[in-house]
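K.L.:
Provided herewith is a single structure, encoded as C-alpha cells, for subsequent inquiry.
The values are calculated or read from the model by the stated rules, or taken from the named source; none is laboratory data. Bear in mind that the values here come from a model prediction, so they are computed numbers and not experimental data. So basically every Cβ, Gly included, is an ideal-geometry build from the backbone, and we count neighbours across all protein chains shown. Heads up: the accessible areas ignore ligands, DNA and RNA and are worked out on the full protein's heavy atoms, side chains in. Shrake-Rupley method; radii C 1.70, N 1.55, O 1.52, S 1.80 Å.
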Amino acid sequence: AQKRTEARIEELAEAQKRTEARIEELAEAQKRTEARTEELAGALTETQRIVAELAELYKLLSKDVAMLKGFMLEQRYRLNPGAFFWREYRKLRVLNLTDLDRVDEAYARGVFSPKEWKALNKLDLLLLGVTGKGDERREEYLAVEISWVVDVYDVERAHQRAELLRRLGYPVRAAVGGSAILDDAKARAGALGVIVALNSDDDDKDDEEA
C-alpha cells in the first residue's frame, strides 16, 4: 500500500509538473496575445489616422474640383454668352465694372456701402446686349451669377447685385447660370424675375426641340 501510495504521489507530482508547464505555456501565449493586441491597436490607430488624412484630402480635392468646375463653367458663359441667352438677347458682349462710368462716380460719392461695393465687385459676369425688336429694340445689361448647382442664395445674390446697378439708372436684369437649379431656387427666380439659363443636356435638348 505504501508503494502504491508513493507511486500515486509520483504520478500526481508529474501531473503537477505538466500542469505548471501548461500554465507557463498559457502564460507565454497570453503574453504573445497581449503583444499582438497592442500591435493591432497600434495598427488600428495608424489606420484611423490615415483614414482621417484621406478624408481631409478628399474634402480638399472635392473643393478644388468644385472650384475648377465652377471656373470652367463661368468661362463658357463668358466666352459665348449668346449660347445661353439667345432667346431674349443679341449682340451680347462682356463688360467690366470699370466700363460703367456711373459706377466709379457712385463709389467716389460714397453711394455704396462697403458691403454693397464688395458685393458688386464679386458679380460673376456683366453683359450688355440688345433685346426687343422694332420700336421696342433697346440695350440692356445682364448681371449674371454662375454656380454649378444654382440655389436660392445664387438667385437672390444676382437680384441684389442687379438692383445696385439699377440704383444708378442702368437698365439691368438679373440672371443665373449653371448645370442645374434647385426647385426652390427656380421658384424664387420666377418670383423675382431672374432669368434662368442652364448649361445642361436637358436644356440643350429643349432648345433643339423648340
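K.L.:
In the list ASP64, ASP104, which residue meets the criterion of being without any contact (Cβ under 8 Å) to a residue 60 or more places away in the chain, within 19 Å of SER179 (Cβ to Cβ) and either of a type in the set (Asp, Glu) or in contact with a Pro (Cβ under 6 Å, 6 or more places away or on another chain) (or both)? Before you say what the answer is, go through the steps one by one.
P.N.:
Values: ASP104 fails: within 19 Å of SER179 (Cβ to Cβ).
Of ASP64, ASP104, the one residue that is without any contact (Cβ under 8 Å) to a residue 60 or more places away in the chain, within 19 Å of SER179 (Cβ to Cβ) and either of a type in the set (Asp, Glu) or in contact with a Pro (Cβ under 6 Å, 6 or more places away or on another chain) (or both) is ASP64.
K.L.:
Please tell me if GLU34 is in a helix (DSSP H, G or I), touching a residue at least 40 places away in the same chain (Cβ under 8 Å) and either surrounded by 10 or more Cβ atoms within 10 Å (Cβ to Cβ) or of a type in the set (A, V, I, L, M, F, W, C) (or both). Step through it out loud before you land on a result.
P.N.:
Working: in a helix (DSSP H, G or I): yes; touching a residue at least 40 places away in the same chain (Cβ under 8 Å): no; either surrounded by 10 or more Cβ atoms within 10 Å (Cβ to Cβ) or of a type in the set (A, V, I, L, M, F, W, C) (or both): yes.
Spelling it out, it is not the case that GLU34 is in a helix (DSSP H, G or I), touching a residue at least 40 places away in the same chain (Cβ under 8 Å) and either surrounded by 10 or more Cβ atoms within 10 Å (Cβ to Cβ) or of a type in the set (A, V, I, L, M, F, W, C) (or both).
K.L.:
Turning to a different aspect of this structure: From (1) open to solvent by 90 Å² or more (accessible area, probe 1.4 Å); (2) among the acidic types (Asp, Glu); (3) touching a helix residue (DSSP H, G or I) at 6+ places or on another chain (Cβ under 9 Å), pick out the condition that doesn't hold for ASP124.
P.N.:
ASP124 satisfies all of (1) open to solvent by 90 Å² or more (accessible area, probe 1.4 Å); (2) among the acidic types (Asp, Glu); (3) touching a helix residue (DSSP H, G or I) at 6+ places or on another chain (Cβ under 9 Å) except (1).
K.L.:
Can you name the residue in region 117-161 that is touching a residue at least 40 places away in the same chain (Cβ under 8 Å) and of a type in the set (Asp, Glu) and, of all such residues, is farthest from ARG90 (Cα to Cα)?
P.N.:
Looking at residues that are touching a residue at least 40 places away in the same chain (Cβ under 8 Å) and of a type in the set (Asp, Glu), I get ASP124.
K.L.:
Just checking, which of VAL94, VAL144 is open to solvent by 50 Å² or more (accessible area, probe 1.4 Å) and β-branched (Val, Ile, Thr)?
P.N.:
VAL94
K.L.:
Considering every residue within region 15-28, establish whether at least one is open to solvent by less than 70 Å² (accessible area, probe 1.4 Å) and closer than 30 Å to LYS122 by Cα.
P.N.:
No: zero hits.
K.L.:
Part of a helix (DSSP H, G or I), among the charged types (D, E, K, R) and either within 60 Å of the chain's Cα centre (by Cα) or at pLDDT 90 or above (or both): does that describe LYS63? Working first, answer last.
P.N.:
Numbers: part of a helix (DSSP H, G or I): yes; among the charged types (D, E, K, R): yes; either within 60 Å of the chain's Cα centre (by Cα) or at pLDDT 90 or above (or both): yes.
Spelling it out, LYS63 is indeed part of a helix (DSSP H, G or I), among the charged types (D, E, K, R) and either within 60 Å of the chain's Cα centre (by Cα) or at pLDDT 90 or above (or both).
K.L.:
I've got another one for you. Are there helices (runs of 4 or more DSSP H) fully within region 66-173 with at least 1 residues that are acidic (Asp, Glu), in contact with a strand residue (DSSP E or B) (Cβ under 6 Å, 6 or more places away or on another chain) and within 21 Å of ALA191 (Cβ to Cβ)? List them. Step through it out loud before you land on a result.
P.N.:
On the way: elements: 82-85, 101-109, 114-121, 152-166.
Output list reads 152-166.
K.L.:
Kindly provide the set of residues from region 44-67 that are open to solvent by 100 Å² or more (accessible area, probe 1.4 Å) and under 30 Å from VAL144 (Cβ atoms), ordered by number.
P.N.:
Answer for region 44-67, where residues must be open to solvent by 100 Å² or more (accessible area, probe 1.4 Å) and under 30 Å from VAL144 (Cβ atoms): LYS59, LEU61, LYS63, MET67.
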